[in-house]
1. Can you tell me the dipole magnitude for the chain around its Cα centre, using point charges on the Cβ only (Lys, Arg +1; Asp, Glu -1), in Debye to the nearest 20?
2. Which of the three applies to the range 81-175, rounded, prolate or oblate, going by the alpha-carbon gyration tensor with a ≥ b ≥ c and a/c under 1.5 meaning rounded?
3. Under 20 Å from a point placed 7 Å out from the Cα of Phe40 along the Cα-to-Cβ direction: which residues of the range 112-145 have their backbone N that close?
4. Describe numerically, in nm with one decimal, the distance between label points set 7 Å from Cα along Cα→Cβ at Glu157 and at Glu32.
5. Efficiency by 1/(1 + (r/R0)^6): what FRET value for Glu93 and Asn119, r their Cβ-Cβ distance, R0 = 22 Å, to the nearest 0.05?
6. Tell me the per residue accessible area of the chain using a 1.4 Å probe; a whole number in Å² is fine.
7. What value, in deg cm²/dmol to 500, does the helix sum -39500 (n - 2.57) over DSSP H runs of n ≥ 4 give at 222 nm once divided by the residues of the chain?
8. Under the rule a/c < 1.5 gives rounded, and otherwise a/b versus b/c splits prolate from oblate, where does the range 42-123 land using the Cα gyration tensor?
Amino acid sequence: MKDSKKLAQPFFKWVGGKRQIADIILDEFPSEIENYYEPFVGAGAMLFRVLQEYPNLKHVHIKDSNTDVVWAYTYVRDSIDKLIEGLKEIEKEYNSSEDKQGFYYKRRTEFNELIRENNYELYRAILFLFLNKTCFNGMYRVNKHGEFNTPYNYAKEVKFDYENLRVCSNLLQKV
């Protein structure tokens, strides 16, 4: 790591994430790069490290085959205040709920309705991040109909890192 300051971290979990091995991978990078391409960005552990450690990047291109991942990045980059407002609301509702499992499954049903409608409104990104935080191991799994079906993980409380989300939003302005 080139700097001892706290680095931005991915704002959701993703199977196959590179957070644990980012330093090893970055050791193989050249000392300067101008272009960065990430075809399967996932949670973006490498993306956020590259954005922080290579401030002179000219072009950054990210993609993912999962459209909810792409839209989560888009809303973090373009609508951070509204996203945080929605996350705070769902966090408060969940944490005060006596039936957290029921709350989770109701939100999962709402998320799947948005999937069926092909609706990418802000609420879908909020639900995506909430479900990722409360589902089993942050897994994104769908059934043969394309509906999210990962079970609940019995999270006692949800707390989003809003400071990190804002840092990520600022970094994503380059993308």
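1. Approximately 240 debye in magnitude.
2. Since a/c reaches 1.5 but b/c is at least a/b, the shape of the range 81-175 is classed as oblate.
3. Residues 137-144 qualify, since their backbone N sits under 20 Å from the label point.
4. For the pair Glu157/Glu32, the computed spacing is 4.8 nm.
5. Efficiency, from the Cβ-Cβ distance: 0.60.
6. It amounts to 57 Å² per residue over the chain.
7. -15000 deg cm²/dmol
8. Since a/c reaches 1.5 and a/b is larger than b/c, the shape of the range 42-123 is classed as prolate.
The values are calculated or read from the model by the stated rules, or taken from the named source; none is laboratory data. Remember, predicted model here, so these are calculated numbers, not experimental data. Here the Cβ is made from the backbone with ideal geometry for all residues, glycine too, and neighbour counts use every protein chain on show. With ligands, DNA and RNA removed, areas are computed over all heavy atoms of the protein, side chains included. Shrake-Rupley method; radii C 1.70, N 1.55, O 1.52, S 1.80 Å.
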